[in-house]
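Asks: This is the structure I have questions about; it appears just below.
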Amino acid sequence: MAHWQSLNRNATIGHSLRELRAAGNLENLRTLATGHPDHYRGKYPFLDTDLFKTLEGLAYEINRPRVEPDPETVAFFEESVTLIEAAQAADGYLNSFYQNPLTDAEPWSDLAWGHELYNLGHLIQAAVAASRQLGDRRLLDVAVRFADLAIENFGNEGAPEVCGHPEIEMALVELYRETGDRSYLDQAKLFIDRRGHGTIKLRTFTADYFQDNLPIRELPSVTGHAVRMAYLAAGAADVALESGDPGLLAELERLWDDLVSSKLYVTGGLGSRHSDEAIGDRFELPSERSYSETCAAIATMQWAWRMFLAQGKTKYLDTFETILHNAYAVSLSTDGKAFFYDNTLQRREDHEQRSGYESGGELLRRAWFGCPCCPPNIIRWVAELQDHLAVVEQGSLRIANYASARIATADLGITMHTEFPWSGAVRVTVDSASPESQGLAFRVPAWAKRATLSVNGEPQAVGVVDGWLEINRAFLGSDVLELNLEMAARFLGSHPHLDATRGCLAVTRGPIIYCLEQEDAPKDINDLVVDARSMREIEEVSNPVPRAVRSVALSLPLRVEPQGGGQLYPEYTGATRAGQTRENVTLVPYAHWGNREPRAMRVWLRNA
């Protein structure tokens, strides 16, 4: 995680700030602030949100402990806040598209696609971040005025409508937590309960695309646009947690379990349909057509984290971890300056599906997009990763995710050092401890077949209970705890109903999913076949991907099975094909694919 945050700070942020300037995001606000009419720049009416998401991440980076803030970052933040304050209308409304005097559209006229409440949600989250991280209330004052206007327009006495893109719900809950004003929580709950009753005016897509076909408590399965679905569920989890609604939490857990058991890619990606960026039917998970939008990965982790906070169950963290190190991590190039919008699990040599909605452009990651929702989302998520490492529950410090970090509570301060996810060794040094007994619990991921713990070199006879390995004692400031998670390479199959990968195997080690790129195979990767018996021959090797630091690749032998005759549907005889040989290949972490040439790639390998 430290490497990601360093890359974010030293490469991704600077690159993205330049792209935002070039795209006109600041100029759209400047038009309103100066009163000099100019045409709105950009294809979509909701591009303010990309600035707001970026500012959320910048608030964290400017306040990064023991790191001198970058002057360009600080200047961008200050300029943006000044423009936002000046652009806000007298009644609190803020949207540079609808406020533009040359725009032929009225505020609140297109809730399905205008995304004004979605924009407000990201403004609130940026404002709360600035208030908490920097003690800066300027954006919070702007957000409160806009939120109050939204409640006036869409509260109990207003129009019974919802935004076409959920997001405002979890933001309003966060605004309630920051201000203590109950009206924001009540409005979030109202939006959750109101959705599903057909209030969205439809065009192009049906009601289930917007999750407006049934109330969330009655949805039989996660459905529709993947990012919208996960944002909605995350907001509902916030509402359930703050309002004390166990019934809503139970329905969210039901939807989560359905998601994980039938609609999530092995990488943790969500969304199998390009046409509407949507979740498909159960077991509809084609590798070549995996959409798995980067924003959907972030949204699903947000949902998972909130469900963990509400229920304390490690199953949510296991999925969070898979997404973080695979479906999410793959989105950013190793140099930090190019992005995947969608994330396939297979690419053929002649594959022409470009990332994003637009045609043309690079075959792999892009520097920016016409709808650049993913890069700013990456900025803020990486900047906030430390908020997802640990929690305190009933006096016990629980380590939810592993990274080198310092963590302090009222009773216990620790330094954690690890090379996770490449190593299963976690070393914890106690820096400070109160005289009373404390608890320290380590999550044991579902993939870890064996976990051991020692204190000051002495093995501890403690077992794993509900996914936790916990020790309770009066810690001393010199104590050293060493956790070791068995991290052996494994083969994964797929559910028999999942036709797209039937008869194939995926290779994993710890939480990392691996893939085969053509650069690392002497033969066409579509002619290579894995034998499950070769597991004992897997070796750890250095990663051939440029700039893929502190990582592990795997070497294993595959059988070459050339397809003779070139027939699309040859007669099956059951006979062994002639000309079979064995070749050693290197599998790289899925997160690192696509950093070389736009050649073939596979996660799922044909099984002998």
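The values are calculated or read from the model by the stated rules, or taken from the named source; none is laboratory data. It should be emphasised that the depicted structure is a prediction, and the values quoted were computed from it without experimental measurement. Every residue, glycine among them, receives a Cβ derived from its backbone with ideal geometry; neighbour counts consider all protein chains shown.
Asks: For segment 469-492, does any single residue satisfy the condition of being surrounded by fewer than 17 Cβ atoms within 10 Å (Cβ to Cβ), in contact with a helix residue (DSSP H, G or I) (Cβ under 6 Å, 6 or more places away or on another chain) and closer than 26 Å to Gln311 by Cβ?
Replies: Checking segment 469-492: not a single residue is surrounded by fewer than 17 Cβ atoms within 10 Å (Cβ to Cβ), in contact with a helix residue (DSSP H, G or I) (Cβ under 6 Å, 6 or more places away or on another chain) and closer than 26 Å to Gln311 by Cβ.
Asks: Just to be sure I understand the filter: pairs with C-beta atoms under 7 Å, separated by 6 or more residues or on different chains, first member in segment 417-442 and on the phi < 0 side of the Ramachandran plot and free of Cβ contacts under 8 Å to residues at least 24 places away in the same chain, second member assigned to a strand (DSSP E or B) and surrounded by fewer than 17 Cβ atoms within 10 Å (Cβ to Cβ). Which pairs pass?
Replies: Matching pairs, first to second residue: His417/Arg427; Thr418/Ala425; Thr418/Arg427.
Asks: Being surrounded by fewer than 18 Cβ atoms within 10 Å (Cβ to Cβ) and at pLDDT 95 or above narrows it down to one residue among Glu61, Glu68, Glu85; which is it?
Replies: Glu85
Asks: Next question, about the same structure. Do you know which residues across segment 144-186 are within 20 Å of Arg217 (Cα to Cα) and either without any contact (Cβ under 8 Å) to a residue 40 or more places away in the chain or in the same structural domain as Ala112 (by TED's automatic domain parsing) (or both)?
Replies: Result: Pro160, Asp186.
Asks: Does segment 526-546 include one or more residues that are within 18 Å of Asn326 (Cα to Cα) and polar (S, T, N, Q)?
Replies: yes
Asks: Quick one: Ala86 ticks every box in (1) assigned by TED's automatic domain parsing to the domain that holds Leu17; (2) in a loop (DSSP other than H, G, I, E, B); (3) among the aliphatic types (A, V, I, L, M); (4) over 28 Å from the mean Cα position of the chain (by Cα) except a single one, so which number is it?
Replies: Looking at each condition in turn, Ala86 falls short on (2).
Asks: Can you find a residue that is among the acidic types (Asp, Glu), buried (at least 24 other Cβ atoms within 10 Å of the Cβ), under 25 Å from Leu185 (Cβ atoms) and modelled with pLDDT of 95 or more anywhere in segment 241-252?
Replies: No; the residues of segment 241-252 include none that is among the acidic types (Asp, Glu), buried (at least 24 other Cβ atoms within 10 Å of the Cβ), under 25 Å from Leu185 (Cβ atoms) and modelled with pLDDT of 95 or more.
Asks: Under the condition of being touching a Cys at 6+ places or on another chain (Cβ under 8 Å) and assigned to a helix (DSSP H, G or I), which residue from segment 1-52 is nearest to Lys337 (Cα to Cα)?
Replies: Filtering first and then ranking leaves Asp50.
Asks: Looking at Leu556, is it under 30 Å from Met416 (Cα atoms), touching a residue at least 40 places away in the same chain (Cβ under 8 Å) and in a strand (DSSP E or B)?
Replies: Spelling it out, it is not the case that Leu556 is under 30 Å from Met416 (Cα atoms), touching a residue at least 40 places away in the same chain (Cβ under 8 Å) and in a strand (DSSP E or B).
Asks: Hey, another quick one. Report, by residue number, each residue of segment 303-313 that is surrounded by fewer than 21 Cβ atoms within 10 Å (Cβ to Cβ) and either part of a helix (DSSP H, G or I) or free of Cβ contacts under 8 Å to residues at least 40 places away in the same chain (or both).
Replies: Trp305, Leu309, Ala310, Gln311
Asks: Separate question: If a residue counts only when it is farther than 24 Å from Leu83 by Cα, which helices (runs of 4 or more DSSP H) contained entirely in segment 114-192 have at least 2 such residues?
Replies: The qualifying helices (runs of 4 or more DSSP H) are 138-154, 168-179.
Asks: Another question about this same structure. Please work out if Lys53 is closer than 18 Å to Pro375 by Cα and modelled with pLDDT under 95.
Replies: No: the conditions fail for Lys53.
Asks: From Leu469, Leu505, grab the single residue that is under 28 Å from the mean Cα position of the chain (by Cα), modelled with pLDDT of 95 or more and either farther than 27 Å from Ser262 by Cβ or part of a helix (DSSP H, G or I) (or both).
Replies: After ruling out the rest, the residue left standing is Leu469.
Asks: Sort through Gly92, Gly35, Gly57 and tell me the only one that's out of contact with any Lys or Arg (no Cβ under 8 Å at 6 or more places or on another chain) and either in the same structural domain as Leu17 (by TED's automatic domain parsing) or under 20 Å from Glu174 (Cβ atoms) (or both).
Replies: Gly35
Asks: Please specify each residue of segment 186-212 satisfying the condition of being among the charged types (D, E, K, R) and within 22 Å of Asp276 (Cβ to Cβ).
Replies: Result: Arg195, Lys201, Arg203, Asp208, Asp212.
Asks: Anything in segment 272-291 that is within 13 Å of His225 (Cβ to Cβ) and assigned to a loop (DSSP other than H, G, I, E, B)? List them, or say none.
Replies: Matches in segment 272-291: Ser272, His274, Ser275, Asp276, Glu277, Ile279, Gly280, Tyr291.
Asks: Restricting to segment 230-281, count the residues that are in contact with a strand residue (DSSP E or B) (Cβ under 7 Å, 6 or more places away or on another chain) and hydrophobic (A, V, I, L, M, F, W, C).
Replies: 6
Asks: All but one of (1) in a loop (DSSP other than H, G, I, E, B); (2) without any contact (Cβ under 8 Å) to a residue 24 or more places away in the chain; (3) aliphatic (A, V, I, L, M) hold for Ile216; state the number of the condition that does not hold.
Replies: Status for Ile216: all satisfied but (2).
Asks: Is it the case that segment 516-535 has a residue that's of a type in the set (Gly, Ala, Ser), assigned to a strand (DSSP E or B) and buried (at least 20 other Cβ atoms within 10 Å of the Cβ)?
Replies: So far as segment 516-535 goes, no, none of its residues is of a type in the set (Gly, Ala, Ser), assigned to a strand (DSSP E or B) and buried (at least 20 other Cβ atoms within 10 Å of the Cβ).
Asks: Sticking with this structure for a sec: Of the residues that sit in segment 12-53 and are among the polar types (S, T, N, Q) and over 25 Å from the mean Cα position of the chain (by Cα), which one is surrounded by the fewest Cβ atoms within 10 Å (Cβ to Cβ)?
Replies: Thr34
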